[in-house]
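Contents: one structure, followed by commentary.
The values are calculated or read from the model by the stated rules, or taken from the named source; none is laboratory data. Here the structure is a predicted model, which is why all the values come from computation and not from measurement. Cβ atoms come from the backbone with ideal geometry, glycine included; neighbour counts cover every protein chain shown. Heads up: the accessible areas ignore ligands, DNA and RNA and are worked out on the full protein's heavy atoms, side chains in. Shrake-Rupley method; radii C 1.70, N 1.55, O 1.52, S 1.80 Å.
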Amino acid sequence: FYRAINCHISRDDQWVIIHSSLLHFNVDWKVARWELLAALRQLINEGITIVVPCFTFSFCNGVQYHHLYSKSEVGLLGDWFRLLDGVIRTNHPIYSFAACGPRAIELLSLGSSTTFGIDSPFALWEQDKARLIMFGNSWKYCTQLHHQEELAKVPYRYYKTFTGSSDFGSGLIKTEANMYVRNKELIPVNNFDSVIQQLRQNGSIYESILEGATITSTTASLLGNECKRLLLKDKYAFVEKPNLVRYRKHNMESRNTKNKLKVALIGQSNLSL
């Protein structure tokens, strides 16, 4: 595990964010989990700050969040990683991260006025030598991509505030989380293949195989630069059937326009079709 992860890390990387899908590895995790955690500990001891998602989307549905007891809803690795000495968990009721290493404490000072915005961990990582590792899973699960959607203000998303109760160590308090969410009325389905294919063509994605699973990585800055280039050309670049989403967006805006145009369809035969 140490060699499999370390071969993706360059000398300049200070942050390593690991998105994982452990089901794809042909190993017995009852035993292998300790080997994986030992590998992460070794990397931390070498000066790398390791970060693992511990997202809790249930907060959006009214479930109370507790920074100690709320389990990660995006895989087992986050909860395993939190058992290591020195690991902290960031204060966000939906998009929290477990982090350990020389720079982990910096995450606690971020404002995160919006989930994916300019004062979120995603902005820090894009600017500051962070490597994104997809440990057995697809790039479509890389949350860093949503940061670029918010920066570009893609028209198929909008800001929505989720309100609930959270305990960050001092008892329950009312908590709000402002997220740039997909507009369900437009039925947008994300497809980030264009940016990943371009990064592959540029030689900016490194890939390896371990126990039947694929491990891929790139830096947050390279990912961000390519996303900006594509979204500058077309703000619908990251959705499937972009013309259909545009059409739905136009219809939605037309319904909200005060000056509506009435249309009559007349003819000498059946017009039901």
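Quick rundown of the values:
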item	result
Condition check for E207: touching a strand residue (DSSP E or B) at 6+ places or on another chain (Cβ under 6 Å) and open to solvent by 30 Å² or more (accessible area, probe 1.4 Å)	yes
Candidate set: segment 1-53, residues that are of a type in the set (S, T, Y) and farther than 19 Å from T143 by Cβ; chosen: the one surrounded by the most Cβ atoms within 10 Å (Cβ to Cβ)	Y2
Which listed residue, of G136, G111, G117, is more than 13 Å from the chain's Cα centre (by Cα) and open to solvent by less than 20 Å² (accessible area, probe 1.4 Å)	G136
Total residues in segment 233-250, condition outside any strand (DSSP E or B), aliphatic (A, V, I, L, M) and either free of Cβ contacts under 8 Å to residues at least 60 places away in the same chain or within 14 Å of F192 (Cβ to Cβ) (or both)	2
Residue in segment 60-75 that is modelled with pLDDT of 95 or more, open to solvent by less than 10 Å² (accessible area, probe 1.4 Å) and under 14 Å from the mean Cα position of the chain (by Cα) present	no
Close pairs from segment 190-203: first in a loop (DSSP other than H, G, I, E, B), partner open to solvent by less than 50 Å² (accessible area, probe 1.4 Å), Cβ under 7 Å, at least 6 apart	N191/F238; N191/V239; F192/W139; F192/L145; F192/F238
Cross-chain or 6+ apart pairs with Cβ under 9 Å, segment 205-217 first and free of Cβ contacts under 8 Å to residues at least 12 places away in the same chain, then of a type in the set (S, T, Y) and open to solvent by less than 10 Å² (accessible area, probe 1.4 Å)	E207/T216; E207/S217
Among residues of segment 139-163, those that are surrounded by 15 or more Cβ atoms within 10 Å (Cβ to Cβ) and of a type outside the set (D, E), counted	16
Within segment 83-94, considering residues that are in a loop (DSSP other than H, G, I, E, B) and under 19 Å from the mean Cα position of the chain (by Cα), the one surrounded by the fewest Cβ atoms within 10 Å (Cβ to Cβ)	N91
Count - residues of segment 124-133 that are crowded, with 21+ Cβ neighbours inside 10 Å and either assigned to a loop (DSSP other than H, G, I, E, B) or not charged (D, E, K, R) (or both)	4
Looking only at segment 231-273, and only at residues there that are among the aliphatic types (A, V, I, L, M) and under 28 Å from V154 (Cα atoms), the one that is surrounded by the fewest Cβ atoms within 10 Å (Cβ to Cβ)	L261
